[in-house]
Each structure stands twice: as C-alpha cells, then as structure tokens.
Amino acid sequence: MAGRPRPQPHSPSSSTRRRERWLVVLGVALHAVYMLSIFDIYFKSPIVHGMDPVPPRLSAPPAKRLVLLVADGLRADKFFEPDERGRYRAPFLRGVIEEKGRWGVSHARPPTESRPGHVSLIAGFYEDPSAVTKGWKANPVEFDSVFNQSRHTISYGSPDIVPIFCSRVPHSTWDTYPHEYEDFATDASFLDHWSFDQFQGLLNKSFHDVKLRQLLLQDKLVIFLHLLGCDTNGHAHRPYSSIYLNNVKVVDQIAESMYNLMENYFKDNQTAYVFTADHGMSDKGSHGDGHPSNTDTPLVVWGAGIRSPKFLAYTEKPDDGFRFVDDHKHDAPTPQDWALEGFERVDVNQADIAPLMSTLVGLPCPVNSVGTLPTQYLKLSKADEVEAVLANTKQILNQFLQKSQLKQSSSLYFKPFKPLANYSSVLSQIEDLISERDYETAMKHSEELRKMALAGLHYFQTYDWFMLMTTITLGYIGWMVNLILHVLQSYTSFPAILLKKAQLYPKNTSMKVYIGGCFVMGLSSIILLLEKSPVLYHAYVFMTIFLWTRIVHNFEFLKAVWREFSNMPFKYTSNLLISSAIAVLVLEFLVMSFFDRKIYTWCFLVLGILGSTYVAFFIQASPALAIYIWLACWFLSVFTLMPAEIPENNNLVILSGALIILIAVASRWANSNCTSFWLYLTRANKRDSQSPKLYFAQVILVAISSIMVWLSTSHRSQNRELHSLHQLINWSVAGAAMVLPLFSPPSVLSRLTSIFLGFAPPFLLLSIGYEAVFYSAFSMVLIGWIFVESANLYCSEESGSARRRSLVDGSVFGYEERHLQLSDLRIPLLFVILFNVAFFGTGNFASIASFEISSVYRFITVFSPFLMAGLLIFKLFIPFMLVICTFSAITKIVRIPRLGCYFLVILLSDVMTIHFFFLVRNTGSWMEIGNSISHFGIVSAQVVFVLLLFALTNIYTRDIVVSSRQLTARKVM
C-alpha cells in the first residue's frame, strides 16, 4: 500500500471481482485443509493393522472374569475427599483400598471426552483428537480392544458409548437406554441404576436359561457397566453440587452391589474388579481440555489376581516410578484430606488399564495398545510376572515392526530406527534369562526393550514431520504473499503505467510459468504416490506449489513494486517499516494474550489514554468525546481480570438488561442531536425517519428477555425443568428481536443501535453471569471506534475540502470508494484486536471446554448435542457480528473498500496462525498439549468463519447510507 498524499477514487473492475471470488474460495479451502495438518503432523492416528496378538504365557490366568465399572465424568478429588461432615462419599470402595485391593490416580489425555477416554481404557491407545469429529455412533477406524479378545462381553450403559465397542463384536450381549433419558434438568443418577438393574436382570434370567448360565460360567468373561450419572449431573449442576456429590455415593453403592451380586452368584473368588472413570469434570461443569480436574480420575482395583494393600509409614515419600507418556514425572502429592498416605498409591496412564485388564483374565493385550502393564497391581509369581511384561513388550514391539515395515515399503529413501536394529538378539537374550530363571534381569531387559519400542513408535509417528512442516509453512507464506499482491494490484494507488509495465508478462512466458508449476506438481504427485502418502499430503503440496506458481507469475510486478518503493522519499519508506513493525508487535501481543488474558486489560487501559489524547489534541474534538473513549476502554478492560470460568450470577444478567436500555437511550439522544458531527453519523437525508415505534419495540423485547431470565431460572431451580411456556417465549423473543433491525433507518448510528438492541435479547437469554455486562461494554467501545473515525474524517475533510456542501441543505450523495493508504492499516488491525477480544466475554481462549453448557438451559434442557452446540456457537458469534457490523460501517464512512480490508484482516490473522502452528505441542503436560491444540484451532477457525460472518452481517449492513463527503464548513462538536 503505497503512501499517497491524495487518495484517488477507486472502482474495482469485474475481473478484480472475479479474481477475488476465486481467492476467497482458495483461502477457505487452504485454511480448512491446513487446519487438518496438525493431526497429520502432531496427532496422526497411531493405529496400524496386521499384527498378531501376543497371549501371555501364564501358568494360569489370575481371574476367570473381569468387571469394569466406568463412572463417566467422575473426578478424583470428589471421589477421595470427605464431605463437609468428614464422611467419605465412597465408603465401600474406600474399604476396598484399605483392606482388599490397590488404588491410584489414572491420568487421562486430552481431549478428555467420553469416546477417547473409553478407547484409551478398553483399547489401550490414545485416539487422535480428529476421530472425535468423525462421529460417535460408529468407529471412525477399526481397532482391537479387550472386548474383541474376550470370550464374551456383557455391557450396559449409554447409547453413545456401548455401541462403539460392542456393536461389531459378535460375542457380546449389550443394551442401552434411549437418548431421551439424558435430561440435564433431572437427577441423572437413575441412569447408573438402570445399567446395574439390566445386568442383575440378566443374572436372574440365567437361573431359568441353561444356555445363558453356561455362557456366564465360562472363563475370559468381561462385564462392562457404563455409569453416566456423574457426567450428566456434572454438566447440569456442577461437580460441587449436592446432586453430583450424591451421585458419587450412588456409584459406590453400585460397585458394592455389583461385588456382592457377583460373589453370591459365582462363589469362586475368581472375579477381578476395576473401578475408574474416563475423564473428570471442571468446576463449571465441562470437560475436554487438559486441566487436572479433567485428567485426574480415580482407580480402584481388587479381587482375583490383585495384590493386597501395601502399608507405608506416613513419613515415607517413595518415588512411585510413575511417568506420563511424554516422560514427565508425576509429583503431585496425595492431599492430606484424602487420609490415604499410609496406603501405597500406584498412578497409571489411562492406557495402562487395558493391558492390566487383559493380563488379569489371561487375554492378549489389544494389538494397538501403547499401555505399560502396571505390575504393582498384580499378584503373580515372578515367572508369570516376567511373562506378562514380556508379552506386553512383544505386543508394542510388533507395532513398531509393522510401522517400520510399512514405512520402508513406501519410502524411496528409508531411515531406520537404529536403537532397535538388534531387537531379535535382545528378545533371545530375555528368553535365555527366563530359561535360567534370572527373572530380575529378564524383567529389566523387557522393560528397557518396551521403552525402546515406544520410542521407535514415536520415531515413525514423527517420520514425516520435517517435510510436512516445511510444506505447510511455505504454503502459509505463499498465501500471505498472494494476498499482498492482490491488495497492491487492486486496492492501492499505484499509477496505471506501473501496472501496465508490471503486466508486460507475455502470454507465452505466463504459460511457461504455469506449465512449470504443473510439472513440479506432477513430479511431487509421483513421489507421493510411490511413497503411498495419504490424500491430504497431496493437498498440502499442491496448494503450496500452486500459490508459489502464482507468485512467480507476478515476479515482474513484484520487481516493479520494489522499484517504486525504492524511488519513494525516505519518509514513506520509514512509515511503511514502522507501520509493519507496529502491526507485528501488536499481533505478537495478541499471541501472548492466549496465555495471559490480562494483557487485554493493559491494552485497553493504554488505548483509553491514547485514544482520548488523540481525540482531544490531534483531532481537537469535544472533551465529551475524549472522556467517552477513555471511560469505554477502561470499562472493557475490567472483564479480562475476571475469572475465565464464568460464575453464575443471574442478578447481573438482569441488571445488564437495564444497562443495555440505558445505552440505547443515550444513542437515541445522539440521533436527535442537530450538530454537524452527529448529523454526519445519524442522517442519510432529511427524510430519515427516526422510527420511534421500532425503537420502543426493541427496548420492550430487551426488558422482556431480562424478566424471562429471572422467571426461567427461578422455575428451573425449583422444579428442575424448563417450563414449556417459558421456552416458547424465550425462542419467540430471541427470534423476533433479530429480525427488527432490518426495518431500522439506514443511517450509521440508527442502524448500529438497532443491531445492538436486536442481538441483546438472545445474548441475555444465553448468559449466566458477567458476560452479559461485557456485551454492553464491548458495544460502547465499538461505538467509540466509530466516533473516533468519524471525528477524524470530519475534521480532515473540513480543513481539506475546497468545495463544501451543507448537510442540512444537501441531498444524499453516493460515496465512492477510494484507494487504500498505509494509514488505513489501523482499521484491519483494530478489527483483529476487537475480534479476538470478542471471545473473552463468552469464554476463554485457554480451553476448548471453557464454554458454559448451562447457557442454553433457558432454551433447552433435554440433551441434544447438536442444538446445544449450535446455541453455544451462536452466542459466541454475537460479539463477532457486532464487530463486523461496526467494521462494515467504518469502511463506508471512510470510503475504503471493505473487501480490501477483509484481505488485510486475513493477512494479519495468518501471521498469528503461523506462530501458533509452531506452538502446537505433543509433549509436556497434558494441559499444555490441550491448550496448544485449542489455540491453533481457534485462530485457524477465525480466518475461515470471518467470511461467513461477513455474509451474515451483510444482511444488516448492506443498505447503510452515509452522508456526503462534502461536509459543512461549520465545525461544531
């Protein structure tokens, strides 16, 4: 964007519009595809097929049957800690810890959702996060599990979990309750009783069914009860609620009933029991990220083949040897209020439970398992213990060998994993040691070989990293260069002769460039096909080559631009460098804000001072406007100091309705002001109707929504359900409110005020706390942005225009878009800042799981994941839509092309996207891993759905009319 003293009118040609449509399509496709790249790079599915199961060579299986009880959504601290009266909520399982079995904390891996958690427990591997998006009803990929290897599996529980593991297992008996049972408005502990009752009924039926009894009496039987109550009650009522805490007692009672039922039925002491959870629950009733409240779950194991409790002195602090999968040490001490310091705690990674269960009933470990057998739980002879560990090692080694073979068969230049080059001799050595009964040395070598095999799996999991990361980075850079080229060619004021010279590209030369690009694509495709690379690899490489081919095609234009900048006065060059440096600095601060949201507090404290100073001294506008800018920015700065997990406060939501009405009244007063500056914003022409009826109708809808917040919440808290009449009113008010702004006057302030009032009712009805006040504070800052831009334009045009027309006497003039200038970079940069700030009123960048599900309870309480997710996403979109409406109005006020600014917004956002691409982690703590995925996903999604929001908001902003750029000479503000 070359700096020019006098902006010229700009009118994009039809060819420019056509090129832009293709550029937008390319941008959406590129970001959608590149967003998936982190799953190919960092979180590629670990599943390979073709390995043979490795059954443990035990003298006899420790148990004939296994009972797995999974309390969905049960967090460890609520299970182990005492209640307010000092009584423990799980007395039976606590008695098991003290008298019969072993205990520890099972550590889950993000995403801490039900499907990946159960895959980890039952199949022994950490499913790639992308599999969660491929559907809950069926397996996105086929994998082995403990259930597959069993002689028979019996399972009861949720329709979202049980069919995933049992629907394709012919040797299984299973059933689920209807989806309608999962009602967030009720106490869901009855779901747990349902699962137990079904199994009890099966046992009762077996007394009259000989075939069923024979099935139950056979060995290698696995019984799985999925207990969903804690998860549903945690979402609906929070893990601190009496309903959730009572559900902890319910699952303990079911564990006791299950134990008594099994022991009385079989009477052979050959049953092993495993009690655990798939994930925890955050304080605000959500899960998904890597916070300890979501990853730490209880583990209690007892029965056949399980060691008795090991007692420790309270002063003894042994290293339990536990390591996370990423090899960082677990050093969280056992809380004193658990009163379990005297009993040895054996922590495990969640995937370690699968080989534990397999070994207990003498089954091969699931062939895709990466779990390490926790021998501290098993009561085995030394010989059997070594054999169990060796079988676990061979199973992991088989995966390594299969991955190595697959990669070698498809790689043109294969680089083997050297530390395991002599694995066969190590296996032979272990076998010899076992034959010599040197079990201790054999155990040591087996464990070392297993660790090396896991390292080899990681090596092949990251084999393609360098190639992929280089390709994606070059792709992003190529996309950004293409955006810059398009903006320079279509929206800046370079002389026509420069463009003519730059387009001296002869057609045959142009053709040669594209032929060369096609040749490189073809060569790359052949190489990728020979290496049997996934389809997405082709997409990454093709997009990158295509983008750089376009850059080469514009090489002459780039040379001309460089010559133009070289010949410019030093003032313009230094302005360009300073502006670019400031933009990059601001974007880096935005990246930092993902890790410390208080940065936005300092940002708006500084913006308030700088903005008011600029208005008062440089624009020389009225002191009232300067004070307003200062107060609005400081008001908004408060919200990023508030807790990321929004506490419920319905009184605050109701009061925010009054604040919204107060702001609307102030805007109404501005609409009636007759001074030139206000007319610049409020009048399209003299016949601009003020529409008092529409204004009062919108205010009434805001008031009704505030009342409905109180009524709906009060009724639901008393009756634990949503009144159907309240539900109907809430849906009607929200729908009607969003339609009314379409009928408001087209002047800038009238239309934006109407949009502000139109989205207020649905936002209030979807709010639970301070985010309702954020809506008003955020809107005040957006209005302040319009005031500053308008005042700046008003003063500059008044002093620089030779021909002036009076607004009062003049008619409407259609405005012409002008070319972009370097100073216009402030508009997309402010847009990016405000667009990112919009998240912080309704959630938190730190976590995917930060968005409050109770926000939707005034519209629906019966579990409906798609509708609930849709309402949550809509709530998130409302602040974004306000920003984009304001942005569209400003581009009309200052007469710059909105699409040109849109491309600059995408350019600025992609600087952040590249940064977060390199910040994605798959090592370190699980919280760091989960956050890094969230950060990259959120920023990548921004640049994709901005276009969608532009299309949606265009319904409201396309007919906004601004006053003539020939303003009155009178300067009254």
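The values are calculated or read from the model by the stated rules, or taken from the named source; none is laboratory data. Since the model is a prediction, treat every value here as computed from it, not as a measurement. Because the Cβ atoms are built from the backbone with ideal geometry, glycine has one as well, and the counts that use them run over all protein chains shown. Protein only, heavy atoms only, side chains kept; ligands, DNA and RNA dropped before computing areas. Shrake-Rupley method; radii C 1.70, N 1.55, O 1.52, S 1.80 Å.
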Task: Distance between modelled label sites at Thr473 and Leu217, nm, 7 Å Cα→Cβ extension - done: 6.7 nm
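Where only protein heavy atoms count, and the probe is 1.4 Å, what is the accessible area per residue for the range 557-672 in Å²? Present the calculation step by step, with values, prior to reporting the outcome.
Details: 6510 Å² over 116 residues.
Spelled out: the 1.4 Å probe surface of the range 557-672, per residue, equals 56 Å².
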TODO: Would you grab the residues whose amide H sits under 5 Å from the one on Cys365? Only those 5+ places off in sequence or on another chain, please, with H modelled 1.01 Å from N.
DONE: Val54
Open item on the list: Quick check: from the Cα gyration tensor, does the range 353-447 come out rounded (a/c under 1.5), prolate or oblate?
Closed with: oblate
TODO: Please sort 599-607, 829-837 by packing, taking for each peptide the average over its residues of neighbouring beta carbons within 10 angstrom, highest first.
DONE: 829-837, 599-607
Task: Amide H contacts of Leu299 (H built 1.01 Å from N, under 5 Å, at least 5 apart or other chain) - done: Gly104, Ser106
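What FRET efficiency, computed as 1/(1 + (r/R0)^6) with R0 = 30 Å and r the Cβ-Cβ distance, is obtained for Arg921 and Lys598, rounded to the nearest 0.05? Walk me through the numbers before you get to the answer.
Numbers: r = 23 Å, r/R0 = 0.75.
Given R0 = 30 Å and the Cβ-Cβ separation, E is 0.85.
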Open item on the list: Between the range 477-492 and the range 527-603, how far is it from one alpha carbon centroid to the other, in angstrom?
Closed with: 10 Å
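Please state the shape class of the range 583-657: rounded when a/c is under 1.5, otherwise prolate if a/b exceeds b/c and oblate if not, all from the C-alpha gyration tensor. All intermediate terms of the calculation are to be shown ahead of the outcome.
Values: a/c = 3.98, a/b = 1.27, b/c = 3.13.
Oblate, since a/c reaches 1.5 and b/c is not below a/b.
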Open item on the list: With a 1.4 Å probe and all protein chains kept in place, how do Arg213, Arg75 rank by accessible area, largest first?
Closed with: Arg213, Arg75
Task: At most 16 other Cβ within 10 Å, DSSP loop - trypsin sites (Lys or Arg not before Pro), the range 409-479 - done: Arg437
Task: Point-to-point label distance, Tyr572-Asp337, nm (Cα→Cβ direction, 7 Å offset) - done: 6.8 nm
Open item on the list: So if each residue of separation counts as 0.36 nm, and I subtract the Cα-Cα distance between Glu588 and Arg17, what length gain in nm does that give?
Closed with: 202.3 nm
Open item on the list: What does the C-alpha gyration tensor say about the overall shape of the range 406-455? Classify as rounded when a/c is under 1.5, otherwise prolate if a/b is larger than b/c, or oblate.
Closed with: prolate
TODO: Find the relative contact order for the range 156-208 and round it to a whole percent, using C-alpha pairs within less than 8 Å whose residues are 6+ positions apart.
DONE: 40 percent
Open item on the list: How far apart, in nanometres, would the label points at Gln727 and Val552 be if each is projected 7 angstrom from Cα along the Cα-to-Cβ direction?
Closed with: 6.1 nm
Task: FRET efficiency for His208 and Ala60, using Cβ-Cβ distance with R0 set to 35 Å, rounded to 0.05 - done: 0.65
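How much length would be gained if the chain were fully extended between Asn246 and Leu655, taking 0.36 nm per residue of separation minus their Cα-Cα distance, in nm to one decimal?
That works out to 143.8 nm of additional length.
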Task: Flagged links, alpha-carbon separation over 23 Å, of Lys512/Lys559; Lys267/Lys382; Lys44/Lys407; Lys44/Lys451; Lys78/Lys875; Lys64/Lys249 - done: Lys267/Lys382; Lys78/Lys875; Lys64/Lys249
Open item on the list: Based on alpha-carbon centroids, what's the gap between the range 738-796 and the range 428-466 in Å, whole number please?
Closed with: 64 Å
Task: Net lengthening on full extension, Trp562/Ser823 (0.36 nm per residue, minus Cα-Cα) - done: 92.0 nm
- [ ] Find the accessible area per residue for the range 339-380; the probe is 1.4 Å, ligands and nucleic acids are left out, and the unit is Å².
- [x] 16 Å²
